[in-house]
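See structure below.
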Amino acid sequence: MRVLVVDDQPLNCILLKTMLEQQKYEVAIANNGAQALDILRQESIDIVLLDVIMPVMDGFETAPKIKELAGDVYLPVIFITTLEDHNSFEKCLAVGGDDFIHKPFDKVILSAKIRAHARTRRLSQEANQQKKQLEYHYNQIEREHEIVEHIFSNALDQSSQYQQYCDYHLSPASMFNGDMFLMAKSPMGGFYCLLGDFTGHGLAAAVGALPASRIFYAMVSKGMAVNDIAYELNQVLSSLLPSNMFCAAAIVELSESGKSLSVWLGGLPDLYLIDEKGEVIKTLESQHMALGILDNDEFERNTIHLEVDAGKRLVMATDGIIETENSKGEMLAEERFKQVLKSTSHISTEQIVSYTQRFSEHSAQQDDLSIAIINCLPSKVISKAPIEYSSLPFELKVDIDQTNIISADPVLELVDVLSRIKGISEHRSNIFLLLSEAYNNAVDHGVLGLDSNIKNKEEGFLEFYQLRANALSNLQQALIVIHVQYCPSEHSLSFSIRDSGKGFRPNIKCDRDLKQEHGRGLSLLHEIAQQISFNNEGNEVTIVYSLL
Amino acid sequence: MSLSKNASADGKTLTIQIRGKFDFNLVQSFRQAYADIDPETEKVVVDLRETDYMDSSALGMLLNMKKTLAETIDTIQIANCRPQLKKILQISRFDKKFDID
């Protein structure tokens, strides 16, 4: 503690200095107000004892200037007066004085006053320190929120491309939404969406949305089933989230045709399938625990399957809607919600939310509030960019001997190799079919000499493959040669498959009998290939496939 | 290449999902997937979302299933086919016998 004594009379100064130093205070001396201000600007002072009448600058003029210099922290100014000088007391207080000490000085009173003001000064310093820290943290959080908000809005950004499928409304209770709604389309044309509700609301609840959204988008882009997506999300969330936090969710897939819905439902309120009038046709109840609770081996994958058509809509909402309370403390609840759904035909989420707000009598929203309605429509055809093909002619020959016939999977390997050629990958299913049919014919009928007619018998299908397995295990000497040619100028791939068997003539009927359990292979080949020809011996087939 | 099966929550739908390659290598496990079917089941879905390849033996296996289940199951749906596989099914007129979605 450092005390500044401001007095023009040396005797007073010495007296006060001695008394204060005895009590272990440090003391600085100034002879007038101007000097005092100089000292205050340069040194740290905790208490000022200020005389009233001084040359250059008197106490009344100095006091407000001291207070100004002190700023937010309390700097006690104690006037040195005589007891008789009653009239000036009021003025001392008016200019910012905090207390008086009277001449002649009483040691005990001086000590008590100094101690009391020193304590107040310390408290004020502490408060100021805390205020500064608070301000710092507040600014810090503001800045961090801005950054996080930016990331969230980018990660969860919902473009308007799914408007035809889905009408949704999200209104978070605070800056960050503990609810999330994600939409995406699979390569097969299926429309997926996920409505999730994390425990609580605000930033803590929202953090889980980032990893969840990444997983959802990645898995939809691979066209995974809803229960596989749920499994993956559960796994990641249970390892990331603290044990008291989880995510109630509905994951929905609408097939490309718009005719079937698959739903994995864990911990959310009931979903409703409604007709054009808004009448509930089916209520889907939650089947599972929310995501992020169960271990992998406890996780249940059961899904709900529904047949739907274009007029039907699936309504999903987080508990924010049904748990909205009015001033009487009544919840909106399921029954009112269902009434709202049929209050107008083709109700919008906007209308539902505004009903909810009216019900709550516009009191402050208590929880995140999210609702989505999916229209069961067939997928629009996505126009594909033209495929680019490699311009390099390519040739490949594979000799497959008995060892590889028995143990390898040459067709799949070949398709994998060919898929590396630019543009060919798009055709890999067809190429697999062509090669698989030709190769299996060469093995089954060429090398092994099996008869397809077995397949026509009851249980013949299985018998055929058992015979095949037996014959394969006894195979001694055999060779199948596959020759592939890619011709960029013709946009074609040609395959020839020759086997070491004694040759067979496939019996191709023009009217392909599809009821038969076999023979389908060759007719399929004819549909998918551009051209098929056999050599005279019947042990080599040549297939030309057009990439156009 | 693998096969998994799943009953729906209400037990009325059996989903058989095939990953990778659908051909005669699956002949046993495919048969097994519907051999002990729950009598409650009304519908079977063959989900091909992760099937890259199929050949005529797969078609044979599907027809076999159709024949075996004709008495008990109303609908067999082949779901989520990639475009090329869908075309194979259409060429084979499977859309007449199966519900292709």
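The values are calculated or read from the model by the stated rules, or taken from the named source; none is laboratory data. From a predicted model like this one, the values you see are computed outputs, not experimental measurements. Glycine also receives a Cβ, built like all others from the backbone with ideal geometry; neighbour counts cover every protein chain displayed.
Observations
- For region A:401-430, the set of residues classified as in contact (Cβ under 8 Å) with a residue 40 or more places away in the chain and more than 19 Å from A:SER391 (Cα to Cα) consists of A:ASP401, A:GLN402, A:ILE405, A:ILE406, A:PRO410, A:LEU414, A:ASN430, listed by residue number.
- Test: residue in region A:75-83 that is in a helix (DSSP H, G or I) and crowded, with 17+ Cβ neighbours inside 10 Å: no
- When restricted to residues that are in a helix (DSSP H, G or I), more than 9 Å from chain A (Cβ to nearest Cβ) and in contact with a strand residue (DSSP E or B) (Cβ under 8 Å, 6 or more places away or on another chain), region B:87-101 contains 2.
- When A:TYR168 is tested against (1) more than 21 Å from A:GLU298 (Cβ to Cβ); (2) of a type in the set (Ser, Thr, Tyr); (3) in a loop (DSSP other than H, G, I, E, B), exactly one condition is not met: (3).
For (1) among the aliphatic types (A, V, I, L, M); (2) touching a Pro at 6+ places or on another chain (Cβ under 8 Å), each residue gets a yes or a no:
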site	(1), (2)
A:THR303	no, no
A:ILE322	yes, yes
A:ASN326	no, no
A:GLU330	no, no
A:ALA333	yes, no
A:HIS346	no, no
A:TYR355	no, no
A:SER360	no, no
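- Search result, residues across region A:439-463 that are facing another protein chain (nearest Cβ under 10 Å), of a type in the set (A, V, I, L, M, F, W, C) and within 20 Å of A:LEU524 (Cα to Cα): A:PHE461
- Taken over region B:1-21, the criterion of being in contact with a Lys or Arg (Cβ under 9 Å, 6 or more places away or on another chain) and either on the phi > 0 side of the Ramachandran plot or in a loop (DSSP other than H, G, I, E, B) (or both) is satisfied by B:MET1, B:SER8, B:LYS12.
- Number of positions in region B:47-57 that are out of contact with any helix residue (DSSP H, G or I) (no Cβ under 8 Å at 6 or more places or on another chain) and crowded, with 20+ Cβ neighbours inside 10 Å: 2
- Which listed residue is at pLDDT below 95 and within 14 Å of chain B (Cβ to nearest Cβ), from A:ALA212, A:ALA218, A:ALA250, A:ALA225: A:ALA225
- Residue check for B:THR72: away from every other protein chain (no Cβ under 11 Å), over 12 Å from the mean Cα position of the chain (by Cα), surrounded by fewer than 18 Cβ atoms within 10 Å (Cβ to Cβ) and hydroxyl-bearing (Ser, Thr, Tyr): yes
- Residue among A:ILE347, A:ILE406, A:ILE373 that is touching a Leu at 6+ places or on another chain (Cβ under 9 Å), among the aliphatic types (A, V, I, L, M), within 14 Å of chain B (Cβ to nearest Cβ) and on the phi < 0 side of the Ramachandran plot: A:ILE406
- In region B:17-46, the residues that are within 12 Å of B:ILE76 (Cβ to Cβ) and surrounded by 22 or more Cβ atoms within 10 Å (Cβ to Cβ): B:VAL44, B:VAL45, B:VAL46
- Restricting region A:413-429 to residues that are assigned to a helix (DSSP H, G or I) and surrounded by fewer than 20 Cβ atoms within 10 Å (Cβ to Cβ) leaves a set whose member that is nearest to the other protein chains (Cβ to nearest Cβ) is A:ARG428.
- Of the residues screened, A:ASP157 is one that is within 11 Å of the chain's Cα centre (by Cα), of a type in the set (D, E, K, R) and at pLDDT below 85.
- In this structure, A:ASP8 does not qualify as of a type in the set (D, E, K, R), outside any strand (DSSP E or B), in the same structural domain as A:THR120 (by TED's automatic domain parsing) and surrounded by fewer than 16 Cβ atoms within 10 Å (Cβ to Cβ).
- Among the numbered conditions (1) surrounded by 11 or more Cβ atoms within 10 Å (Cβ to Cβ); (2) among the β-branched types (Val, Ile, Thr); (3) farther than 30 Å from A:LEU203 by Cβ, the only one that A:ILE141 does not meet is (3).
- Scanning region A:186-208 for residues that are in a strand (DSSP E or B) and within 13 Å of another protein chain (Cβ to nearest Cβ), we see that the one that is nearest to B:LEU85 (Cα to Cα) is A:PHE191.
- Some residue of region B:57-69 being part of a loop (DSSP other than H, G, I, E, B), under 21 Å from A:LEU462 (Cβ atoms), more than 10 Å from chain A (Cβ to nearest Cβ) and not hydrophobic (A, V, I, L, M, F, W, C): no
- For region A:287-311, filtered to residues that are among the small types (Gly, Ala, Ser) and surrounded by fewer than 16 Cβ atoms within 10 Å (Cβ to Cβ), the residue that is modelled with the lowest pLDDT is A:ALA310.
- B:ASP38 meets all of the listed conditions (1) under 22 Å from A:LEU254 (Cβ atoms); (2) more than 11 Å from every other protein chain (Cβ to nearest Cβ) but one, namely (1).
- Residues located in region A:54-72, provided they are assigned to a loop (DSSP other than H, G, I, E, B) and in contact (Cβ under 8 Å) with a residue 40 or more places away in the chain: A:MET54, A:PRO55, A:ASP72
- At least 2 residues being touching a residue at least 12 places away in the same chain (Cβ under 8 Å), touching a helix residue (DSSP H, G or I) at 6+ places or on another chain (Cβ under 6 Å) and farther than 28 Å from B:ILE16 by Cβ is the threshold, and among the strands (runs of 3 or more DSSP E) wholly inside region A:270-381 those reaching it are A:369-375.
- The listed residue being over 16 Å from A:PHE246 (Cβ atoms) and surrounded by fewer than 19 Cβ atoms within 10 Å (Cβ to Cβ), out of A:LEU170, A:LEU203: A:LEU203
- Residue selected from region B:75-86 under the condition surrounded by 19 or more Cβ atoms within 10 Å (Cβ to Cβ) and not in a helix (DSSP H, G or I), by the criterion farthest from the other protein chains (Cβ to nearest Cβ): B:ILE76
- Only listed residue being at pLDDT below 95, surrounded by 18 or more Cβ atoms within 10 Å (Cβ to Cβ) and within 22 Å of A:ALA184 (Cβ to Cβ), chosen from A:LEU241, A:LEU284: A:LEU284
- Of all residues in region A:347-393, those satisfying the criterion of being among the hydrophobic types (A, V, I, L, M, F, W, C), at pLDDT below 90 and over 30 Å from A:GLY320 (Cα atoms) are A:VAL381, A:ILE382, A:ALA385, A:ILE387.
- Taking the criterion of being surrounded by 14 or more Cβ atoms within 10 Å (Cβ to Cβ), farther than 20 Å from A:PHE60 by Cβ and of a type in the set (Gly, Ala, Ser), the only residue of region A:11-47 that qualifies is A:ALA28.
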